[in-house]
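The values are calculated or read from the model by the stated rules, or taken from the named source; none is laboratory data. Remember, predicted model here, so these are calculated numbers, not experimental data. With ideal geometry, Cβ positions are generated from the backbone for all residues, glycine too; neighbour counts draw on all protein chains shown.
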Amino acid sequence: MTSGESTLDTTLHTSAWIPGPSQVVREALMLTQLPRGVAGLLWRCVRPDVAVHVREEIGDHRDLPPHLADATERDQPIEHGYGPALHREFRVRVVGTRRRAAELIDAIARDMNRAVVPGVARFDYVACSGAMAVGEELVVRMLGPWDGPVRVLRRDETSFRLGTLVGHLEAGQIEFAARDLDADTLEFTITTWARAGDRVADVLYTRLGLGKQIQYLLWVEFCARAATLAGGRAPDGVTVLTRTVSWPDGDFAEAV
């Protein structure tokens with residue numbers, strides 16, 4: 001195995017992973033795909049082919065992420081972040097599916113890049129088998145100093161949850177889940193609980209709104225592509241609910 005290639009040894013950890021020649025090639029290819037990726041996201045801003053329904057609300061202590069029972073010093077939980085907390089839910093109903101909920105989640109877990117706009121982001125399975133077993137690690141690659149190491153916190157038949165590690169742009173968790181509604185209809189959701197990972201990210205993510213908007217576009221497109229991956233269509237579009245909590249908030253701070 002050459003330097004920079006994926007390994008199933010989860011003791012590798014993303015912080016010890018050194019890019020090799022193959023990674024350099026992948027980064028170069030990502031640069032060539034950047035215009036297409038940016039164009040794809042801009043197209044969704046101007047004329048989305050899937051309708052997007054947006055709601056924004058003031059959040060409270062109920063918007064805490066699931067408790068991180070096995071936290072380590074490498075984890076970057078939401079309480080270690082900066083600025084307000086965002087609890088966001090991206091939801092799409094898919095009809096006429098050829099895959100059941102468990103099959104869709106398994107397909108996404110094995111290759112998350114199938115639902116990502118090329119050139120905008122890429123998931124590298126640096127210490128992950130594709131089965132998304134608890135403890136395995138991935139890195140979300142983005143152009144610039146925005147690589148986001150994560151580890152698998154939870155995995156069951158119809159969902160998996162990732163938690164941010166030190167060095168990630170954000171601090172928090174994200175969950176990908178699906179459930180069958182009937183024989184050929186399912187619902188796919190992405191739920192995020194996040195704050196900026198550091199003070200610089202807080203300026204970009206919250207104050208200027210750049211990171212927040214990129215996350216919004218990235219996960220809306222992910223939902224649309226997940227619907228296609230399921231073999232169906234999304235007649236109702238994608239629903240996005242954002243609940244914002246000022247930090248520290250009275251009830252919220254007491255719950256942490």
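Looking at this structure, is Ala69 surrounded by fewer than 20 Cβ atoms within 10 Å (Cβ to Cβ), modelled with pLDDT under 95, of a type in the set (Gly, Ala, Ser) and under 23 Å from Arg155 (Cβ atoms)?
Details: surrounded by fewer than 20 Cβ atoms within 10 Å (Cβ to Cβ): yes; modelled with pLDDT under 95: yes; of a type in the set (Gly, Ala, Ser): yes; under 23 Å from Arg155 (Cβ atoms): yes.
Judged against the criteria, Ala69 is a match.
Is it fair to say Thr191 is surrounded by fewer than 22 Cβ atoms within 10 Å (Cβ to Cβ), part of a strand (DSSP E or B) and at negative phi?
Numbers: surrounded by fewer than 22 Cβ atoms within 10 Å (Cβ to Cβ): yes; part of a strand (DSSP E or B): yes; at negative phi: yes.
Criteria met by Thr191.
Can you go through Phe188, Phe252 and tell me which one is among the aromatic types (Phe, Trp, Tyr), in contact with a helix residue (DSSP H, G or I) (Cβ under 9 Å, 6 or more places away or on another chain) and either closer than 17 Å to Tyr82 by Cα or at pLDDT below 95 (or both)?
Values: Phe188 fails: either closer than 17 Å to Tyr82 by Cα or at pLDDT below 95 (or both).
Selected residue: Phe252, the only one of Phe188, Phe252 that is among the aromatic types (Phe, Trp, Tyr), in contact with a helix residue (DSSP H, G or I) (Cβ under 9 Å, 6 or more places away or on another chain) and either closer than 17 Å to Tyr82 by Cα or at pLDDT below 95 (or both).
When you scan segment 88-164 for strands (runs of 3 or more DSSP E) that lie fully inside it, which ones turn up with 3 or more residues that are modelled with pLDDT under 95 and within 23 Å of Ile214 (Cβ to Cβ)?
Values: elements: 122-127, 137-141, 148-156, 159-164.
Where strands (runs of 3 or more DSSP E) fall fully within segment 88-164 and carry at least 3 residues being modelled with pLDDT under 95 and within 23 Å of Ile214 (Cβ to Cβ), they are 122-127, 137-141.
Please indicate, with yes or no, whether at least one residue in segment 80-93 is buried (at least 16 other Cβ atoms within 10 Å of the Cβ), among the β-branched types (Val, Ile, Thr) and farther than 22 Å from Ala133 by Cα.
yes
Please work out if Gln215 is within 26 Å of Leu104 (Cα to Cα), surrounded by 16 or more Cβ atoms within 10 Å (Cβ to Cβ), modelled with pLDDT under 95 and polar (S, T, N, Q).
Values: within 26 Å of Leu104 (Cα to Cα): yes; surrounded by 16 or more Cβ atoms within 10 Å (Cβ to Cβ): yes; modelled with pLDDT under 95: yes; polar (S, T, N, Q): yes.
Yes.
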